[in-house]
Amino acid sequence: MKCRRLDALALALLAACATTPHPPLTSTDPYERERAALRYEAHLFTVSDPDSEPVEVSEKDFHRAMRKMLPGVPPSALPKESAQWLLSQPLAGSLLAEVEAGRVVRLTPLDENSPLDSSLAGDVKLEYARICHELSAGVDCLRLQSDGPTLTREDVRVLALAIGLKPALQKIKHSLKEMVEPAAVLSMIVWTCVVYLAMWLLPEPVSKVLAAALTVGLVAWLGASTVWNLMDGWAVLVREVDGAHSVAQLRAAGEKFGHTVGDNTAHVVVMLVTAVLGGTVAKLAKKLPQLPGFSRAAARAEAEGMSLQKVAQVEEVAVSSEGTFSVLARTAATEGAATATGSRSVATIIRHRLGNLQVFINGQRWHVPAHRRLKQIPAMDPVGDQLQAAARQAAKRWSPAALSDNESIAISEARKQGKYLKAHLMERMARGKFVERQLRAQFKHLRWSTNKGVDAVDPATGLQYEILSGTQWNMEMHGRRMANELFRMITF
């Protein structure tokens, strides 16, 4: 595992390596025809983007856009479940905020929601009624009581986010009054915001499909730095709400979030989330050009080789501790191109500009240089299979107790500076180092690298292996750094 800090120059070079691929190869070899046809492109957005200022969406333009989109929002009596389905999140379980030294470390799933203490529950219900009255969307305006009168910690997070977004939500209340079921529409907007933001504090912060398209839209309108602050602000809100013992603390957490993100960011978030509620990336792609600020947002995305008009092709977005948003998008040639050569099913995950590929073949992930043929990948790789199984087991054994002193200090310092999301991602990188140490101790017969190059080589076969944390950003980085090496990617 090679974890290095990337300065602005290095990030720029990486971005240059992730642009449009070379033209397809013309070889008649069936393996090479697959190599040419199946590909994805990778794009990078960084917090050091010179165009870091968000697109300004005026109150007038925001109101006009929302008035146009709100009638198309499908009302739901179960907004939480609808939002989870929409963003491809699991339906079961809530999230527990794990706090260490007063800071949120991670969110972990819970099997059930825990009810609020009776001393707090009554006051929260009164605050909820006040917010619903101000939003003019009915008594149970966020559908927090659709599963019963008991409020939970998750409900309180939703309420706190609504407080933070209240200025933006109040601007659409007149349009909501025109809806047959205003609460069903409002609750879908707020719950979808909550489910989306919660994704970034899960153990592997990656958004996929429709959620990934939403991330690209947010980065294009707001810039990577502002989106990072949005995610960080959510981490702060979760920590403060989960530790709240009074309505005053709950209200303060929500208002602090609103102040942190600002009116313009709130406008953009609510506007893009409403656009997402159409239900498909194809519908979202058609709506984006109609939204205020599209021209500048499109120009920002275009600077990184990503067309907003092709946002429907985005499949995954990952974020690194360096503040880099890594976007994986399929090309037109990938559509319907899953094929098989002989008895081996091949799917290309990423095709880099230099012609090197990352492919999924025989249930294994391999990096293939431009000058190597796919048939050079072995049909069987028992050592690699053993490494893969051991890596996943080692990852399950990891806990924060395994952090080194230096790692603990660095992560604690990030938290002291209020950089909660970065601390979360640094912890994930430490987990990767732990897994590699475990594998080095277990597979001593392999030749392990002490400096550059791939992590391990099997002396008996010459096959090479790279131990990766399994995040899209990490895989892309290693694929670019070792473009000329054939190696299997051991993920966890």
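No value in this document is a laboratory result; all are computed from the given coordinates. Since we're looking at a predicted model, the values are computed, not measured. Counting neighbours? That spans all protein chains shown, and the Cβs are built from the backbone with ideal geometry, glycine included.
For this structure, a couple of remarks:
- The order of Arg157, Arg397, Arg373, going from fewest to most other C-beta atoms within 10 Å of their C-beta, is Arg397, Arg373, Arg157.
- For Met271, Met429, the sequence from fewest to most other C-beta atoms within 10 Å is Met429, Met271.
- Förster radius 41 Å - calculated FRET efficiency between Ser412 and Ala460, Cβ distance, rounded to 0.05: 0.40
- Arranged from fewest to most other beta-carbon atoms within 10 Å of their beta carbon, Met231, Met489 become Met231, Met489.
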